[in-house]
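Down below is the structure, laid out as structure tokens.
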Amino acid sequence: MLAKGQTVVALMERLAPKHIAVPDDKIGLQLGSLRKDISTVLVTLDVTDEVVDEAIALKAELIIAHHAIIYRPLSHLQTDTPAGRLYEKLIKHDIAVYIAHTNLDVADGGVNDMMAEALGLTVTGHLEDIHTDKLKKLVVFVPESLQEPVREAMFAAGAGAIGHYSHCSFNISGTGTFLPQEGADPFIGKFGKLERVAEVRIETIVPASAEKKVVQAMLKAHPYEEVAYDLYPMDLNGRTFGLGRVGKLPEAISLSAFGEHVKQALDVPFVRVVGVPDKEIRKVAVLGGSGSRYVRHAIFAGADVLVTGDIDYHTAQDALAAGIAIVDPGHNAEKIMKAGVAAWLQSRLTEQKSATRAVASAVDTETFKLL
């Protein structure tokens, strides 16, 4: 059975939740409809004419891209312009385009983690914190004999995680009372009779981002017609998500050797290097995309080198003067996300026994050529 477009996107948002994106980033569905069966999803870095032709050849109904095709509000849609022709081709072939940008950069297992893993880094932190999930306390009262299914449903939906521990809860036994009124359909008890039931008060932690999902799961698993529960904020923070990664190489190497390592690991045709060739490199900061404004972050993190794209001349001069090296593999180094996202999506689709396939684009969208 084929997955619906909404299902594919829901899976994608498990990897790259929209709420962790940088504010005002252009993410989500940008063109077309998700209300259809999807036989093939094409995962790409950029949406170009060649990529759209590839999607047409594959009979793909959905493209998931890292870079947006619509950056600003459209004042017109003229099909004799390059952008207009692209939109027209997508619409004529009923191909939807969904964007996962900074949310995919920030996500655990996203672009920056893929790049760090390819470079062989043991990650120790972020370059810049972007989003911290607030924690809430969920309290629910359940009959003693049915507490386990309710607790497990909440855990499965995302409750109960504290640091490196999961399934965290506190449980207190007590007596619940209620009197069914006219119109009630009680799971326990009878109309007009006061009931006393042995119940358990279950307390657990819920990230604010998972609040709706956890509450819905709890209500679905709970046997009562009217569920007694409390949900309140706490002065505690949950997980923090951030842009870029900082980590260490297994052993120190020279900057020139490291530059060659970056070129091979990220499969790019060339890299630009700033710094003394024999400088010792051990601690590395990496950021997919344009990272000129993150040089100071890398210095503050104590990195020997920053791996990022689109470094301008004056930023390179400042970095050299500050004593931090730079290896610039270009913006297109983010293409690592194509195979990574396609494999992740295919695994989730297979788990759901879906016949939908996720395919990494084979089109090279690198703009720059080295002569």
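Rule-based calculations on the coordinates, nothing more; no lab input. Quantities reported herein were computed from a predicted structural model and do not represent experimental measurements. In this analysis, Cβ positions are derived from the backbone assuming ideal geometry, glycine residues included, and neighbour counts consider all displayed protein chains.
Structure summary
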read-out	value
Charged-residue dipole, Cβ positions (Lys, Arg, Asp, Glu), the stretch 230-371 about Cα centre, Debye nearest 20	320
Values of log10 I(q)/I(0), in the order q = 0.21 Å⁻¹, for the stretch 83-151 under a Debye, Cα-only, solvent-free model	-0.92
The stretch 9-164: C-alpha gyration tensor shape, a/c 1.5 cut-off, then a/b vs b/c	prolate
Values of log10 I(q)/I(0), in the order q = 0.20 Å⁻¹, for the stretch 204-245 under a Debye, Cα-only, solvent-free model	-0.74
Zero-based 10 Å bins, Cα pair distances in the stretch 131-241, whole percents	15, 43, 27, 12, 3, 0
Taking N as its residue count, the alpha carbon Rg of the stretch 68-107 over 2.2 N^0.38 Å	1.39
Neighbourhood net charge (12 Å Cβ-Cβ; Lys/Arg +1, Asp/Glu -1) for SER254	-3
Cα-Cα P(r), the stretch 257-371, percent of pairs per 10 Å interval	13, 39, 25, 15, 6, 1
Cα-based Rg of the stretch 307-350 normalised by 2.2 N^0.38 Å, two decimals	1.77
Cα centroid of the stretch 80-113 to Cα centroid of the stretch 6-51, whole Å	7
Rel. contact order, % - alpha carbon contacts under 8 angstrom, at least six apart, the chain	21
Net +/- balance of residues flanking LEU86 in space, Cβ distance below 14 Å, scoring K and R +1, D and E -1	-4
